[in-house]
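Encoded as structure tokens, the structure appears first; notes follow it.
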Amino acid sequence: MAARKLAITGGKVIDPAQGIDRVADVLISNGSIESVTDSSTGSSYDGYESVEASGKIVSPGFVDLHTHLRDPGQEWKETIITGTRAAAHGGFTTVCAMPNTDPVQDSAAVVGDVMRRSAADGVVRVLPIGAISIGQHGKQLALMGELADAGVIGFSDDGNPVTNANLMRQALAYSVEFGMPIINHAEDKKIGAGGVMSAGAVATRLGLAGVPTEAETAMVARDLHLADLTKARLHIPHISTMGSLAALRSAKECGVDVTAEVTPHHLTLSDEWVFGLKGEVPEAVGSAAYDTNTKVNPPLRSREEVEAVIDALNEGLIDIIATDHAPHAATDKVCTYDEAAHGINVLETAFSSVFALVDAGKISVVRLIESLTAGPAAILRRDLGSLKKGFSADVAIIDPGSKWIVNPEQFESKSVNSPLAGVELTGRVVTTIYQGETVFDLSVVNETGARS
Ligand SMILES: [Zn+2]
């Protein structure tokens, strides 16, 4: 299948890296982008297989900087195979795999294993993230040079904040040599004090222990100061508080080398979703409450914080959207809210859930696509996230009018932990192309009724 030539014709091409936002044809050959060319009516290309895309949006394949593939070690939740299929289903052609696997991705051996198996079995690109500390225990730095040589794209102890400020300082200082970001889960667990949702009126009504927003804000502030001190690259994952945004703004104004991501759920769901009524606030707390699929870290915040992160994404203060796709088994969620695991299954709903903000006029479709393509590619400093000539032919084709009801049982992911089950969304990825090959095609799924 080496010489497949493909012409995606008549779609609205949105490629923010090149400033393209117009109807055009995308030509692909040998797994690479050949050109984006003006559509002429009824244009046909000799020797090219044709993909008709009128009425659709043609975007570079999405790049996710924050994915938990659970492999190795928790294959009952997700594997490289199911996780990359879920990615393809959601329009993602590159996912960065967080290192909180078992064993942890803290050595060249484990990183090499993930890369080998991803190349062999994955349907999209997997770029591993190395651990900051050995075993993610926060005691001793991992061999960061060895990890960089092995192919990681950054360092994180995600899930575990680096509590020891001196260790964080050392990690930042060493990372300068590799030009890679340190991604620290921003949470002061002592301030959080075992809370299970965001502190506030909803937590009080539900009788659940709350985590104050300051648990995040304090850690973000510390890390920004350390990034300034070391002149290193800091990337703040899943930012969610107004306090963090204020600290981020002032650091960016002072020239600190920092970027930040926000998740689809922090952009679209408030803490009121914990009532279990898809965001409705009941007069009396009923049996639907304590929906464990809403338990996530950082927790879902107040509506005010949600509006603040939307604004910050719009203006570019928040650089990108990343999923924090965190698949969990049913047994991790069929339990009390206190006992439930943190995490939401996101890859397959990410685009559509945020597209609701486009329909509501809160964000432009160009900014949404930029946040999923050119933005993360710039942080990775890789030739990804664009339809530039010679780039890997990674493409997501979106039907902006398509309505669908989220049914996690139809996910490619091995897990079903989504608070969006039963919710109708508009705007959907219908085809995903990776290196010139179709890795997801909704029409085929619909015809056969089968999951590919
Ligand atoms: Zn995470």
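The values are calculated or read from the model by the stated rules, or taken from the named source; none is laboratory data. Bear in mind the structure is a predicted one, so any value in this text is a computation, not a measurement. So basically every Cβ, Gly included, is an ideal-geometry build from the backbone, and we count neighbours across all protein chains shown. Accessible surface is based on the protein model in full, side chains and every heavy atom, while ligands, DNA and RNA are left aside. Shrake-Rupley method; radii C 1.70, N 1.55, O 1.52, S 1.80 Å.
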Under 18 Å between alpha carbons: how many lysine pairs meet that in the stretch 61-380, if sequence neighbours fewer than 8 apart on the same chain are excluded? 9
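Ignoring any ligand, DNA or RNA, what whole percent of the accessible area of the stretch 61-380 comes from carbon and sulfur when the probe is 1.4 angstrom?
Solvent-exposed carbon and sulfur of the stretch 61-380 make up 53 percent of the total.
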Which lysines have a Cα less than 27 Å from the Cα of Lys389, not counting those fewer than 8 places away in the same chain? Lys5, Lys12, Lys56
In whole Hz, the Karplus estimates of ³J(HN,Hα) for the stretch 195-212 (6.51, -1.76, 1.60; θ = phi - 60°; x where Gly or Pro) are x, 10, 8, 5, 5, x, 4, 5, 4, 5, 4, 7, x, 9, 5, x, 9, x
Helix-only estimate, please: 222 nm mean residue ellipticity of the chain, summing -39500 (n - 2.57) across DSSP H runs of length 4 or more and dividing by its residues, to the nearest 500. -8500 deg cm²/dmol
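Loop-only trypsin sites (Lys or Arg not before Pro) in the stretch 354-437, please: DSSP not H, G, I, E or B, and at most 14 other Cβ atoms within 10 Å.
Values: sites: Lys362, Arg367, Arg381, Arg382, Lys388, Lys389, Lys403, Lys414, Arg428; in loops: Lys362, Arg381, Arg382, Lys388, Lys389, Lys414.
For trypsin sites (Lys or Arg not before Pro) across the stretch 354-437 that sit outside H, G, I, E and B with at most 14 neighbouring Cβ atoms in 10 Å, the list reads Arg381, Lys389.
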With charges set only on the Cβ (+1 for Lys and Arg, -1 for Asp and Glu), what does the dipole of the stretch 61-380 come to about its Cα centre, in debye to the nearest 20? 220
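Give the accessible surface of the chain per residue, rounded to a whole number of Å², with probe radius 1.4 Å and ligands, DNA and RNA excluded. Intermediate values should be presented prior to the final figure.
Values: 17000 Å² over 452 residues.
Heavy-atom accessible area per residue stands at 38 Å².
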Points 7 angstrom from Cα along the Cβ direction at Tyr45 and Ile191: gap in nanometres? 5.2
Based on the Cα gyration tensor of the stretch 61-380, what are the three equivalent ellipsoid semi-axes, each the root of five times an eigenvalue, rounded to whole Å and given largest first? 28, 22, 20
